[in-house]
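Undergrad: One structure is given below, represented as structure tokens, and several questions about it will come after.
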Amino acid sequence: ERRNPGQPEFVQAVHEVAQDIFEFMADKPLYHEAQILRRIAEPDRVISFRVCWQDDQGNIRVQRGWRVQNNNSIGPYKGGIRFHPSVTESILKFLAFEQTFKNALTGLPMGGGKGGSNFNPKGKSNNEVMRFCQSFMTELYRHIGADIDVPAGDIGVGGREIGYMFGQYKRLTNEFTGVLTGKGLEYGGSLIRTEATGYGATYFLANMLKTKGQDLVGKVAVISGSGNVATHAAEKVTMLGGKVVTLSDSAGFVHDPAGMTQEKIDWVKQLKNVRRGRISEYVDQFAGSTFHAGKTPWGVTCDVALPCATQNELLGEDARTLVANGCMAVSEGANMPTDLEGVHVFKEARILYAPGKAANAGGVAVSGLEMSQNSARISWKEAELQALLQGIMDDIHRRCEEYGGVAGAPGYIDYVKGANIAGFKKVADAMLAYGVV
Ligand code: NDP
């Protein structure tokens, strides 16, 4: 805390990882002597810059942009760009730190980074978003590259924004390289990248249920968010036989006791991606559903929960409610949606609980596959990519099992501990090989 004043999210993320790593390092003095954890928790660099752009009325607007390059020990920095008014350096440092472990867990050669801006794309015209993205890239381009740092999308950055940023990068450098992932299929994107995070989080959930001899058929699922991750999680849960009864946005949640069908989910995708509307409009469209303003969906009785909106959206109290209502598994599509108290509640109750760095790694994994395809100038088929994604999620689950055992609790897997240790070990061993750098 003294090293990072005013950065509560970053301190929270490091604190959560450090507890497990200290336990793991207890009989491994090499890591201690080399100060590996301290080095991972100090980003390689934090780039902070002004982004100036003009709105449709001709006013000059000024925003701050950042790129946090946390660690490139096992590959080029890799991680999304977030555009949201709540973005701060603390949030991007926490995300870049978590990304380092997540990327290591995928088994692919990717380091950890994250970037973004406090720009709010909501309510802005396409031209305004384009001008902002171009200005943002006009500074960012000098710090990134296909073998240096490969950003992707995150909250507020989808296909449209990636297109504008890639176009500007190409214009500035006169190079066509795989410098961003999440690109359109016409210009180097990969099939199933859009679906990968939500699908992956659902595969991970299915893997956890399998350890209890169960599957998703007939399970009632509560999901938060209504963006990229939430809608694709809802889609895959539905495909696997589950019944999704909620989605949300920052204004509240919709409850649809009848369950969401593919048709309803497609309508939400259209609402959010094309019309850029609010989830409250769902109730005018689908009879029997209700909107709960200003509330999160954790009070709705369910078997499984997938928080897919944002950090710290599921607090200790919410976790207690979920457990009391019989929720048996939580798979985090978002990054750090559950606060430290909530994590503690899930662990105490010994329910199946997968942290974002394990459960939502499918997105960055397919981004890694997009990088491979770009380097080789080829495009893999959808079936191949689906199989690779599923295989990677299975492997992450296995790695969590390998390191997540708890003394005195046979059969229980602490997925947080498993993910932290497996991710740490890979990065730490590479850092040891490099000596003091
Ligand atoms: P989107 O921008 O597509 O959707 C974000 C959703 O979360 C929206 O419904 C948004 O509602 C809601 N939301 C955002 N901020 C808040 C807030 N402060 N309070 C309540 N609701 C909020 O983003 P993604 O779906 O891409 O990302 C969601 C989460 O998943 C993030 O934590 C992200 O880091 C994580 N993630 C995403 C990956 C990806 O591939 N896209 C990969 C791995 C993790 P509203 O429209 O009202 O803002």
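Undergrad: Residue check: is Ala221 within 10 Å of the ligand (Cβ to nearest atom), surrounded by 16 or more Cβ atoms within 10 Å (Cβ to Cβ) and assigned by TED's automatic domain parsing to the domain that holds Val300?
TA: Answer is no for this residue.
Undergrad: Which residues, taken from the range 132-164, are farther than 17 Å from Thr194 by Cα, buried (at least 20 other Cβ atoms within 10 Å of the Cβ) and in contact with a strand residue (DSSP E or B) (Cβ under 9 Å, 6 or more places away or on another chain)?
TA: Of everything in the range 132-164, those that are farther than 17 Å from Thr194 by Cα, buried (at least 20 other Cβ atoms within 10 Å of the Cβ) and in contact with a strand residue (DSSP E or B) (Cβ under 9 Å, 6 or more places away or on another chain) turn out to be Phe132, Cys133, Ser135, Phe136, Leu140, Ile144, Asp149.
Undergrad: Out of the residues in the range 204-218 meeting the condition of being crowded, with 20+ Cβ neighbours inside 10 Å and assigned to a helix (DSSP H, G or I), tell me which one is farthest from the ligand (Cβ to nearest atom).
TA: Leu209
Undergrad: Right, next: Restricting to the range 21-50, name every residue that is assigned to a helix (DSSP H, G or I) and among the aliphatic types (A, V, I, L, M).
TA: Ile21, Met25, Leu30, Ile36, Leu37, Ile40
Undergrad: With (1) in a helix (DSSP H, G or I); (2) within 13 Å of the ligand (Cβ to nearest atom) as the list, and Lys122 as the residue in question, which single condition is left unmet?
TA: (1)
Undergrad: List the pairs whose first member sits in the range 364-390 and is not assigned by TED's automatic domain parsing to the domain that holds Asn103, whose second member is part of a loop (DSSP other than H, G, I, E, B) and among the basic types (Lys, Arg), and whose Cβ atoms are under 9 Å apart, counting only residues at least 6 apart or on separate chains?
TA: Final answer for the pair search is Glu370/Lys183; Asn374/Lys183.
Undergrad: Ok, one more. If you scan the range 181-213, which residues turn out to be more than 18 Å from Arg160 (Cβ to Cβ) and without any contact (Cβ under 8 Å) to a residue 60 or more places away in the chain?
TA: Listed by number, the residues that qualify are Ala206, Lys210, Gly213.
This table checks each residue for (1) within 16 Å of the ligand (Cβ to nearest atom); (2) part of a helix (DSSP H, G or I).
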{"position": "Tyr353", "(1), (2)": "no, no"}
{"position": "Lys357", "(1), (2)": "yes, yes"}
{"position": "Ile378", "(1), (2)": "no, no"}
{"position": "Ala383", "(1), (2)": "no, yes"}
{"position": "His397", "(1), (2)": "no, yes"}
{"position": "Gly411", "(1), (2)": "no, no"}
{"position": "Ile421", "(1), (2)": "no, yes"}
{"position": "Lys426", "(1), (2)": "no, yes"}
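Undergrad: For Met110, work out the one condition from (1) touching a helix residue (DSSP H, G or I) at 6+ places or on another chain (Cβ under 8 Å); (2) away from the ligand (no atom under 16 Å from the Cβ) it doesn't fulfil.
TA: Condition not satisfied by Met110: (2).
Undergrad: I'd like the full set of residues that are hydrophobic (A, V, I, L, M, F, W, C) and under 22 Å from the mean Cα position of the chain (by Cα), limited to the range 1-28.
TA: If the condition is that a residue be hydrophobic (A, V, I, L, M, F, W, C) and under 22 Å from the mean Cα position of the chain (by Cα), then Phe10, Val11, Ala13, Val14, Val17, Ala18, Ile21 are the ones that fit.
Undergrad: Another question, if that's okay. Please count how many residues of the range 224-243 are touching a residue at least 24 places away in the same chain (Cβ under 8 Å), more than 10 Å from the ligand (Cβ to nearest atom) and of a type outside the set (D, E, K, R).
TA: The number of residues fulfilling the criteria is 6.
Undergrad: Residue by residue through the range 168-203, note down the ones that are touching a Phe, Trp or Tyr at 6+ places or on another chain (Cβ under 9 Å) and part of a helix (DSSP H, G or I).
TA: Gln168, Tyr169, Lys170, Leu172, Thr173, Tyr187 - these are the residues of the range 168-203 that are touching a Phe, Trp or Tyr at 6+ places or on another chain (Cβ under 9 Å) and part of a helix (DSSP H, G or I).
The values are calculated or read from the model by the stated rules, or taken from the named source; none is laboratory data. None of these values were measured; they are calculated from a predicted model. With ideal geometry, Cβ positions are generated from the backbone for all residues, glycine too; neighbour counts draw on all protein chains shown.
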